[in-house]
């Protein structure tokens, strides 16, 4: 009985386990500002995995730690925050939140072009910071889902083109109609336990190999050399 109750309590604990807190990288060359932001984030229950003081180290840390988001100041030595944001948005794709004292419209426009998901002005209160984080992370996830859908559509289009080409080859070589060629592809895919697109690609490659012109037939015969001791005819 006690064992059953313990298992039940354990199951309840697993079902109500809190999700992993968001992990952040902070990049700001002013140590008091960076320390203050770290204190704010940790007081809200978030994890700060690294604090750096320039844009290049922020890029490297994002690629190494893969945080949920990175906070960047704009003015930093070496690589500034906007240049770092551009690189981070491309690789590894970490959501970028700019936290700066500069609110010039040109900077905001540039930040948007560089892939920044949120632009915040210092100082910021805990409730505003928490709300901005939730919105930024949610927006970044939506962008990721959209990108994955685009990639899937591209792959689907490529696979469809391969299948259409393979159908055309089968129709030509085996004198099949379109439905017969498709059913043959489908059946062979199931029998061989490989994706239809991969089978179609194999058929296309084989057809291209068979259609390639033979190079050996274009080689001119080499002239026969006569021996120096051979007496020419008629001499």
Q. Any idea how many residues of the range 133-185 are closer than 30 Å to residue 45 by Cα and either touching a strand residue (DSSP E or B) at 6+ places or on another chain (Cβ under 8 Å) or modelled with pLDDT of 90 or more (or both)?
A. 7
Q) Say we look at the range 168-198 and pick out the residues that are touching a residue at least 24 places away in the same chain (Cβ under 8 Å) and over 30 Å from residue 93 (Cβ atoms); which of these is nearest to the chain's Cα centre (by Cα)? A) 196
Q | Every residue from the range 95-115 that is in contact (Cβ under 8 Å) with a residue 40 or more places away in the chain and within 19 Å of the chain's Cα centre (by Cα) | A | 95
Q: For the range 148-162, indicate whether the set of residues that are within 29 Å of residue 65 (Cβ to Cβ) and touching a residue at least 40 places away in the same chain (Cβ under 8 Å) is non-empty.
A: no
Q. Does residue 111 satisfy the condition of being assigned by TED's automatic domain parsing to the domain that holds residue 29 and within 19 Å of residue 135 (Cβ to Cβ)?
A. yes
Q: Return yes or no: is residue 178 within 15 Å of residue 199 (Cα to Cα) and surrounded by 12 or more Cβ atoms within 10 Å (Cβ to Cβ)?
A: no
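The values are calculated or read from the model by the stated rules, or taken from the named source; none is laboratory data. Since we're looking at a predicted model, the values are computed, not measured. Neighbour counts are summed over all protein chains in view; Cβ atoms, including those assigned to glycine, are modelled from backbone coordinates with ideal geometry.
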